[in-house]
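To start, the structure itself, in structure tokens.
The values are calculated or read from the model by the stated rules, or taken from the named source; none is laboratory data. Since we're looking at a predicted model, the values are computed, not measured. Virtual Cβ from ideal backbone geometry, glycine too; neighbours counted across all protein chains shown.
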Amino acid sequence: MSAPLRLGLAGLGTVGIGVVRIVQAQADLIATRSGRPVTITAVSARDRTKNRDADLSAYTWETDPVALATREDIDVFIEVMGGHDGPARHATEVAIASGKHVVTANKALLAHHGQVLAEAAERQGVALRFEAAVAGGIPVIKALTEGLAANRIKRVMGVMNGTCNYILTRMQSAGLPYETVFEEARQLGYLEADPNLDVGGIDAGHKLSILAAIAFGTRVSFDAVELEGIGNVSVDDIRLAEDMGYRIKLLGVAQMTGRGLEQRMTPCLVPADSPLGQLQGGTNMVVLEGDSVGQIVLRGPGAGMGPTASAVMADVIDIARGIRVPTFGIPASDLAQPKAATSATPAPYYLRMTLLDKPGALAKIATSLGDAGISIDQMRQLHRPGDRAEDAVVLIVTHKAAPADITHATASFATTGVLVGKPVAIRIEEV
Ligand code: NAP
Ligand code: HSE
């Protein structure tokens, strides 16, 4: 058998300890599948005294991850510290410059610096792999770069943040408001240290921008992702959407259009009986559409020790086997600078508003929509227990409309004199 592949592991948190456990528990299986043993040489984290519930005694401790990255006795640097700048970025750059292969789970790092890091890795002739960075345990990077390599990708969609899907499905099943479920998610340890990375859609936006780069052969352009978090999704809308056959998801969509690359990570309605609509709890789902293969649906755990470490180790085994695939599927220098689409493709919209229940009120709203060129597909008027007697809740599903026309129409509702409060508009994605 060939010489061992030696790992330097920076980060001994959830993912890092998961990697240690797999390397220790599956040593024989990994060696057989890799054609060589895979061993850990040295590790690094901030606090050496922390109890990590793993036997690290065989590994050299490095206080500085950058020193770990340049050690003569490692072949692969595994970065599972997190953060898109600071030590994660510096140690990764240094590892590549020192001729080490790099495996990372860090989507923020790739979303912000993926192009520069990929170019550097190619110059050095080393691998830069990141299966764990998108949708945790789901092998979506491999699916796109290898399994679907012969396809022109038409669209990438998905639910890529388990915390947001947990919050939205819990709001739906328990009828609890956002704030209560957010607090529950915090207690359960689901939220990132900065919760806005989750609920603000940023974490999922990072993942979408990475998938879009591979799918469309373009440079990662996270800054061009249209981002909206779930903080404004109300339990009222979740219930009313459900009554109309829809569920609300934080949905990522990337597609190349005649107007440029469209990347959105926003709350959307999807049919309740679709695979995306059926997705419950912290599970992730990625939908890939290729010209030859049609639609592929990948579903699985997007986070957690075992699933994320499983993806890290899949990259390590590929490196041990000598498999080399360009970081984003094609040489980094060939990745095109994408032109960002300035607006999203037209879609049907769900509109909810409260109107004064008096003659002509609905006609005024219909006129505002008509003036904006928007056609109504379905409409309902409700009086629910607890609603004010003088109000009526009105739900409208439009035919396909341009997002700018929806914004214009809903803004004009305020001038009708019949609107109470603010209207809600949520895109309905055709999945
Ligand atoms: P974590 O539990 O917070 O662990 C981070 C580890 O990095 C800790 O061991 C910490 O040391 C170490 N660290 C942080 N700053 C350091 C520094 N300056 N120098 C040396 N070590 C440092 O994080 P995680 O959940 O494992 O996530 C790691 C990465 O994987 C992140 O990029 C995350 O986005 C990504 N990821 C995580 C998941 C998941 O389910 N957790 C899923 C997919 C991707 P101490 O322990 O001493 O504090
Ligand atoms: N915060 C992320 C999630 C973890 O909830 O999906 C994995 O990236």
So which residues in segment 266-288 are away from ligand 2 (no atom under 16 Å from the Cβ), of a type outside the set (S, T, N, Q) and closer than 19 Å to ALA204 by Cα?
-> CYS268, LEU269, VAL270, PRO275, GLY277, VAL287, LEU288
Report yes if ARG427 is in a strand (DSSP E or B), of a type in the set (Lys, Arg) and either surrounded by fewer than 19 Cβ atoms within 10 Å (Cβ to Cβ) or touching a residue at least 60 places away in the same chain (Cβ under 8 Å) (or both), otherwise no.
-> yes
Do we have any residue at all in segment 111-125 that's farther than 18 Å from ARG219 by Cα, at pLDDT 95 or above and within 14 Å of the chain's Cα centre (by Cα)?
-> no
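Yes or no, residue by residue, for (1) over 28 Å from the mean Cα position of the chain (by Cα); (2) within 8 Å of ligand 1 (Cβ to nearest atom); (3) assigned by TED's automatic domain parsing to the domain that holds ASP28:
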site: ARG48; (1), (2), (3): yes, yes, yes
site: ASP64; (1), (2), (3): yes, yes, yes
site: MET81; (1), (2), (3): no, yes, yes
site: GLU93; (1), (2), (3): no, no, yes
site: LYS100; (1), (2), (3): no, no, yes
site: ARG129; (1), (2), (3): no, no, yes
Is it the case that segment 232-243 has a residue that's over 20 Å from GLY300 (Cα atoms), of a type in the set (S, T, N, Q) and part of a helix (DSSP H, G or I)?
-> no
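Tell me the strands (runs of 3 or more DSSP E) entirely within segment 267-369 that contain at least 2 residues that are within 16 Å of ligand 1 (Cβ to nearest atom).
The strands (runs of 3 or more DSSP E) meeting that bar are 283-290, 294-301.
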Does MET81 satisfy the condition of being modelled with pLDDT of 95 or more, within 15 Å of ligand 2 (Cβ to nearest atom) and not in a helix (DSSP H, G or I)?
-> yes
Using beta carbons and a limit of 7 Å, which pairs, at least six apart or on different chains, have the first residue in segment 172-183 and surrounded by 16 or more Cβ atoms within 10 Å (Cβ to Cβ) and the second one assigned to a loop (DSSP other than H, G, I, E, B) and not small (Gly, Ala, Ser)?
-> TYR178/VAL233
Can you find even one residue in segment 168-176 that is in contact with an Asp or Glu (Cβ under 8 Å, 6 or more places away or on another chain), part of a helix (DSSP H, G or I) and farther than 20 Å from PRO338 by Cβ?
-> yes
Scope segment 143-166; condition part of a helix (DSSP H, G or I), among the hydrophobic types (A, V, I, L, M, F, W, C) and within 16 Å of ligand 1 (Cβ to nearest atom); matching residues = CYS164
Might you let me know whether segment 67-79 holds any residue that is within 24 Å of the chain's Cα centre (by Cα), aliphatic (A, V, I, L, M) and within 12 Å of ligand 1 (Cβ to nearest atom)?
-> yes
Could you check how many residues of segment 32-69 are in a loop (DSSP other than H, G, I, E, B) and at negative phi?
-> 19
Filter result for the condition that a residue is away from ligand 2 (no atom under 15 Å from the Cβ), in a helix (DSSP H, G or I) and assigned by TED's automatic domain parsing to the domain that holds LEU298, over GLU179, GLU184 = GLU179
